[in-house]
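The values are calculated or read from the model by the stated rules, or taken from the named source; none is laboratory data. Since we're looking at a predicted model, the values are computed, not measured. Note that we place each Cβ from the backbone using ideal geometry, even for glycine, and neighbour counts take in every protein chain shown.
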Amino acid sequence: MGITRPREPIGIEKLDQILHGGFIRGKTYLIAGETGTGKTIFAMQFLLHGARMLDQPGLYVSGDEDIESLIEGLREFGWSIDELIDRGKINFLSLVSEFPDKFDSKALRIGVKSLVERIERWSKEYGVKRLVLDPIAPFIIGEERLNWIREYVRRLITEIERRIGCTTIMTSEIPTGSNALSRYGIEEFLASGVIILRIEKSIRGYRRVMVIRKMRWTPVKPVELEFDIVPGKGIVITEF
């Protein structure tokens, strides 16, 4: 099977090899896991690799964390990002206080339209090629109807891919102890690919594991990858 679609490398060496070069350009991917499994590290590594190695500007959209706190955390982790920020290669957009507790059907249309328009403006201004929504839950908070949530996420993904065309990562927290693949149980059906991050107890103690659960249009066998989180580098696959 030939790989003809343009790919965007993630910046995780062995994972990029397994995925035949990375994520398909312009598509949306879900990174899911329990608290503390490395979802934000994965997403930021994707943005940093694009900015540093490919001169691709990236946009990080936060739904639940103050941007200054996030940037300070990245510095403490050992990532040098100030120059990239100054050059407009890494951009941050906080929407922490902009989402109402409850949406109705009209707000669904308005909410998606407003969010995509904000991202589109930033994308045009900075030439954004890589986008992160971390996490997806605050954009949906307060709503319990699964059909509503499914339609919101579907519209969001469709509009981003149609109007902006950047390669997107959205993260989703899995409830502790759950066998679900995402918080709402529907995000995985709408994304082009799903990678699950886990922390598992083993004979040696605890280990971090990455599982490729879905990768549309990519010939990948089910695989479990053990990894470490290394300060200044990010996710490093150690065994597969």
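Would you please name the residue that is farthest from residue 19 (Cα to Cα), looking only at residues in segment 210-235 that are of a type in the set (Val, Ile, Thr) and over 17 Å from the mean Cα position of the chain (by Cα)?
Here is the first cut: in segment 210-235, the ones of a type in the set (Val, Ile, Thr) are 211-212, 218, 220, 223, 229-230, 235.
Then keep just the ones that are over 17 Å from the mean Cα position of the chain (by Cα); that gives 218, 220, 223, 230.
On the way: 218: 7, 220: 7, 223: 11, 230: 22 Å.
Filtering first and then ranking leaves 230.
If the condition is being polar (S, T, N, Q) and over 17 Å from residue 63 (Cβ atoms), then segment 19-40 contributes only 37. Note on segment 7-26: among residues that are farther than 13 Å from residue 210 by Cα and of a type in the set (A, V, I, L, M, F, W, C), the one that is surrounded by the most Cβ atoms within 10 Å (Cβ to Cβ) is 23. Tell me, please, whether a residue that is more than 19 Å from the chain's Cα centre (by Cα), more than 15 Å from residue 132 (Cα to Cα) and either surrounded by fewer than 18 Cβ atoms within 10 Å (Cβ to Cβ) or not hydrophobic (A, V, I, L, M, F, W, C) (or both) can be found in segment 27-37. There is no residue in segment 27-37 that is more than 19 Å from the chain's Cα centre (by Cα), more than 15 Å from residue 132 (Cα to Cα) and either surrounded by fewer than 18 Cβ atoms within 10 Å (Cβ to Cβ) or not hydrophobic (A, V, I, L, M, F, W, C) (or both). Only a single criterion out of (1) among the charged types (D, E, K, R); (2) in contact with a Gly (Cβ under 7 Å, 6 or more places away or on another chain); (3) closer than 21 Å to residue 238 by Cα is not satisfied by residue 7, namely (3). What is the residue count in segment 183-240 for residues that are in a loop (DSSP other than H, G, I, E, B), at positive phi and in contact (Cβ under 8 Å) with a residue 60 or more places away in the chain? Residues flagged as in a loop (DSSP other than H, G, I, E, B), at positive phi and in contact (Cβ under 8 Å) with a residue 60 or more places away in the chain within segment 183-240 amount to 2. Say we look at segment 38-72 and pick out the residues that are of a type in the set (S, T, N, Q) and modelled with pLDDT of 95 or more; which of these is nearest to the chain's Cα centre (by Cα)? Of everything passing the filter in segment 38-72, 40 is nearest to the chain's Cα centre (by Cα).
Does residue 80 satisfy being surrounded by fewer than 17 Cβ atoms within 10 Å (Cβ to Cβ), on the phi < 0 side of the Ramachandran plot and in a loop (DSSP other than H, G, I, E, B)?
Values: surrounded by fewer than 17 Cβ atoms within 10 Å (Cβ to Cβ): yes; on the phi < 0 side of the Ramachandran plot: yes; in a loop (DSSP other than H, G, I, E, B): yes.
Yes.
Before we move on, is residue 21 in a loop (DSSP other than H, G, I, E, B) and free of Cβ contacts under 8 Å to residues at least 24 places away in the same chain? Yes; evaluated as a whole, the condition is true for this residue.
Would you be able to say whether some residue in segment 177-200 is charged (D, E, K, R), at pLDDT 90 or above and surrounded by 19 or more Cβ atoms within 10 Å (Cβ to Cβ)?
no
Against the condition within 18 Å of the chain's Cα centre (by Cα) and surrounded by fewer than 19 Cβ atoms within 10 Å (Cβ to Cβ), how does residue 95 come out, does it pass?
Numbers: within 18 Å of the chain's Cα centre (by Cα): yes; surrounded by fewer than 19 Cβ atoms within 10 Å (Cβ to Cβ): yes.
Yes: the conditions hold for residue 95.
Note on segment 54-68: residues that are under 16 Å from residue 167 (Cα atoms) and either surrounded by fewer than 20 Cβ atoms within 10 Å (Cβ to Cβ) or β-branched (Val, Ile, Thr) (or both) total 4.
Checking 118, 75, 87 one by one, the residue that is over 21 Å from residue 173 (Cα atoms), at pLDDT 80 or above, of a type outside the set (A, V, I, L, M, F, W, C) and touching a strand residue (DSSP E or B) at 6+ places or on another chain (Cβ under 9 Å) is 118 and no other. The residues in segment 35-72 that are touching a Leu at 6+ places or on another chain (Cβ under 9 Å), farther than 27 Å from residue 177 by Cα and outside any loop (DSSP other than H, G, I, E, B) can be counted, and the count is 9.
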